[in-house]
Amino acid sequence: MNPDHPPWHADTRVLHDDAALADEASVVAPIHYSATFRARDAAEFADMANRARHPAFYTRYGNPLHERVAAILAGLEGTETALLTGSGMGAISTTVLALVSAGDHVVAQTRHYMSTAKLFDEVLPRFGASATLVEQSDVDAIRAAIRPNTRLIMLETPANPTLVLTDLAAVAALARERGITTVCDNTFASPLNQQPHALGVDVVVHSATKILGGHHDLTAGAICCSKELAEKIWRMHITLGSVLSPMDAWLLLRGLRTLAVRVERINANALALARWLETQPQVERVHYPGLESHPQHALAKRQMKGGGPVIAFAVKGGYEATSRFVAALELPTHAVSLGGVESLIVHTAAMWAGTMNEAQMKAAGIPPNFVRFSVGLEHPDDLKRDLANALAQTETAR
Ligand SMILES: *Cc1c(COP(=O)(O)O)cnc(C)c1O
């Protein structure tokens with residue numbers, strides 16, 4: 001970027017931040033579909049093999065296309081650099097395992113993405129590290145959970161299932177004072193709605209499978225942080241091997257080109273639908289950070305520019321009525337994941353029925369009539385019409 005003028009807007013940066021890395025005539029980035037890269041002489045080979053994060057030595061270590069995507073993501077998150085992985089869980093587990101050792105302690109949230117929670121519940125204890133899980137909306141509880149051996153605070157906001165928020169600036173400040181590294185999963189917000197690093201968080205991780213990719217086609221992860229931390233995490237990355245395929249990196253780059261317009265429209269659609277759902281007699285409760293009724297709406301306004309794609313709500317009439325509602329929908333696809341071009345919906349209790357009993361679901365805050373709705377780019381009036389029709393069918397059948 002030219003230092004003489006102010007930074008471009010995000011809308012522009014998703015199109016141009018990787019331009020300096022393009023060394024070919026084609027307007028569109030080529031897919032570097034190569035596992036390994038040629039050295040022209042012994043000196044170049046020595047440099048390729050020994051320089052950390054070389055972008056063209058061996059694809060598990062780096063790839064020219066990864067480097068281009070990373071330049072855009074680091075720009076959006078406002079971090080020095082970014083590292084790409086083969087999935088969001090690849091990003092999260094690599095980061096945590098790079099930063100935590102035996103004897104260390106982690107403070108994490110009671111609500112995390114399921115596999116992230118497993119990392120703290122099941123994986124870390126096997127290697128002699130422990131985690132305390134804290135109600136994320138309570139900064140004092142997070143402070144109280146810190147021990148002398150706490151190395152990392154893991155955050156995720158907004159978080160499933162009720163889109164509860166964590167005060168990023170407050171937690172980052174108390175972690176900084178004590179020299180504790182903070183990591184935030186920014187998947188539900190995207191860097192266009194929330195920039196944890198600008199609020200003091202050290203490492204921002206993403207499931208790029210979701211909003212960043214945006215088309216429900218690829219699986220990818222990202223780790224955005226300082227060069228120093230990235231090098232440390234990269235050393236773990238080449239050992240754990242969560243490699244992003246060059247094809248998926250290319251799809252991610254293509255998805256990122258439209259990120260700003262997609263997020264803007266998805267924010268608007270989701271807020272309009274959340275507001276409308278609140279007025280529907282068959283809907284019990286709507287959870288969305290952009291709604292004035294969200295218990296942390298003031299915090300949402302402070303740290304988020306938009307509410308993101310995910311709305312959670314409860315359908316009156318229990319599990320059966322909710323199943324009928326989901327089945328009656330024509331437009332939202334009944335599928336997991338979020339943040340893509342088409343709307344997706346999940347009956348949360350049905351998803352967890354195999355892994356949790358009713359009491360566990362209750363403890364996790366998942367009532368039987370709960371749905372998670374990822375709003376896409378359909379016209380909001382069409383989505384309303386379809387939702388209204390499906391809600392009406394829950395009533396007639398009761
Ligand atoms: C999907 C998701 C992940 C995991 O990402 P994958 O790309 O599926 O590995 C992690 N965190 C959040 C919040 C997610 O939604």
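The values are calculated or read from the model by the stated rules, or taken from the named source; none is laboratory data. Remember, predicted model here, so these are calculated numbers, not experimental data. Neighbour counts run over all protein chains shown; Cβ positions are idealised from the backbone, glycine included. SASA here: full protein model, heavy atoms, side chains in, ligands and nucleic acids out. Shrake-Rupley method; radii C 1.70, N 1.55, O 1.52, S 1.80 Å.
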Report task. Would you confirm whether any residue within segment 324-334 is under 18 Å from Asn267 (Cβ atoms), part of a helix (DSSP H, G or I) and not assigned by TED's automatic domain parsing to the domain that holds Lys210? Result -> no
Requested in this report: Return only the number of the condition from (1) under 24 Å from Leu259 (Cα atoms); (2) aliphatic (A, V, I, L, M); (3) open to solvent by 50 Å² or more (accessible area, probe 1.4 Å) that Ala35 does not satisfy.
Outcome: (1)
Query - Subset of segment 279-314 (residues that are over 26 Å from the mean Cα position of the chain (by Cα) and open to solvent by less than 40 Å² (accessible area, probe 1.4 Å)) - result: Gln280, Gln282, Val283
Requested in this report: Identify, by number, the condition in (1) open to solvent by less than 10 Å² (accessible area, probe 1.4 Å); (2) more than 17 Å from Ala71 (Cβ to Cβ) that Asp202 doesn't meet.
Outcome: (1)
Query raised in the report: In the set Gln296, Gln282, which member is farther than 24 Å from Gln194 by Cα, in contact (Cβ under 8 Å) with a residue 12 or more places away in the chain and not assigned by TED's automatic domain parsing to the domain that holds Ile31?
Result: Gln282
Query - Unique match (being crowded, with 19+ Cβ neighbours inside 10 Å and among the hydrophobic types (A, V, I, L, M, F, W, C)) among Leu377, Leu383 - result: Leu383
Query raised in the report: What number of residues in segment 117-161 are more than 21 Å from Ala364 (Cβ to Cβ), in contact (Cβ under 8 Å) with a residue 40 or more places away in the chain and open to solvent by 10 Å² or more (accessible area, probe 1.4 Å)?
Result: 3
